[in-house]
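One structure is given below, encoded as structure tokens.
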Amino acid sequence: TNGVRLAGRHILITAGPTHEPIDPVRYIANRSSGKQGFAIAAAAARAGARVTLVAGPVHLPTPEGVTRVDVQTAREMLSAVESALPADAAIMVAAVADWRTADAADQKLKKDGSGQPAPLTLVENPDILATLGHHAQRPALLIGFAAETQNIAGHAQAKLARKGADWIVANDVSGDVMGGDANAVQIVTASGIEAWPALPKGQVADKLIAKVADALSPRSD
Ligand code: C5P
């Protein structure tokens, strides 16, 4: 078990999607249940850490012992993450929307009868993981996730460098991982790739938190 190996540590986790409003009733989002991130937050709390969980809109209960900050948009998520610093480790599990509308409409957009949809101008959202990777208060251990459908390890290697992360937890989402209870991941670091078998998300969380504890305080035995 992970016992209290993370006692005295602050672990910062993002989870869930972000919702980027188009108008008061519509939004842009990625598919994400938040289950994996919430399981990691629960595992970190069980290991004795102080846990801040910055959560996008999801339908999940707050794990015991976890401080939860609810947000809607990527920009709100970034500011909640920066407000939670410093942290010993940050694990960015959220499926952040890459784009938001240039400006959300105050009123519901209406069909105008012309058959032409209202134009949507998109702008890029801040990359929260990359911001932390190059932050003055960069956590000692910075972990990102990568949902890929092909060339999983290759894309993850590139992502490590680009985002300034220490590890990328890559998973193949071409199957039925989304919203499901199991996950097969590969941990990509500068020193190589560790492939884990398909496991329930709770076990992926426990194994990942054990690895985080090892990295923060190597066992001498
Ligand atoms: O580039 P990509 O979206 O595949 O990267 C995924 C990783 O980056 C995840 O850890 C995700 O939480 C993080 N991310 C982020 N902010 C974004 C986009 C992705 O923190 N705007």
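Per residue, the convex hull spanned by the alpha carbons of the chain comes to 141 Å³. For the pair residue 72 and residue 172, label points projected 7 Å from Cα toward Cβ lie 3.8 nm apart. Computed per residue of the chain from DSSP H runs no shorter than four, each worth -39500 (n - 2.57), the mean residue ellipticity at 222 nm is -8000 deg cm²/dmol. Applying the Karplus relation 6.51 cos²θ - 1.76 cosθ + 1.60 with θ = phi - 60° to the range 181-193 yields 3J(HN,Hα) values of 9, 10, 8, 10, 10, 10, 9, 9, 10, 4, 9, x, 10 Hz, where x marks Gly and Pro.
As a rough footprinting exposure proxy, the listed residues 100, 50 were ranked by other beta carbons within 10 Å of their own, and the order from fewest upward is 50, 100. Shown is the FRET efficiency for residue 181 and residue 31, computed with R0 = 25 Å from the Cβ-Cβ distance and rounded to the nearest 0.05: 0.95. For a Förster distance of 45 Å, can you work out the FRET efficiency between the beta-carbons of residue 123 and residue 193, rounded to the nearest 0.05? Efficiency computed from Cβ-Cβ geometry: 0.85. Of all DSSP beta bridges in the chain, what percent run antiparallel (nearest 5)? Antiparallel bridges: around 40 percent, rounded to the nearest 5. Remark: spin-label model distance residue 59-residue 108 equals 2.1 nm, labels positioned 7 Å along the Cα→Cβ axis.
Projecting the Cα atoms of 74, 115, 32 onto the charge dipole of the range 1-146, computed from C-beta unit charges around the Cα centre, puts 32 farthest toward the positive end.
Counting every other Cβ atom within 10 Å of each residue's Cβ, 134, 10 order from fewest to most as 134, 10.
For residue 219 and residue 23, what is the calculated FRET efficiency with R₀ set at 41 Å and r taken between the beta-carbons, to the nearest 0.05? It comes out at approximately 0.15.
For a quick check: sort 20, 82, 124, 148 by the number of other beta carbons within 10 angstrom, fewest at the front. Could you put the intermediate results ahead of the total?
On the way: 20 24, 82 13, 124 9, 148 18.
In order of increasing Cβ crowding within 10 Å: 124, 82, 148, 20.
Across all directions, the average flat footprint of the convex hull enclosing the Cα atoms of the range 92-221 is 11.9 nm².
Quick note: the coordinates plus some simple rules give every number you see, no bench work behind them. Every value quoted in this text rests on a predicted model; they were computed, and no experiment measured them. Heads up, the Cβs are rebuilt from the backbone with ideal geometry, glycines too, and the neighbour counts pull from every protein chain shown.
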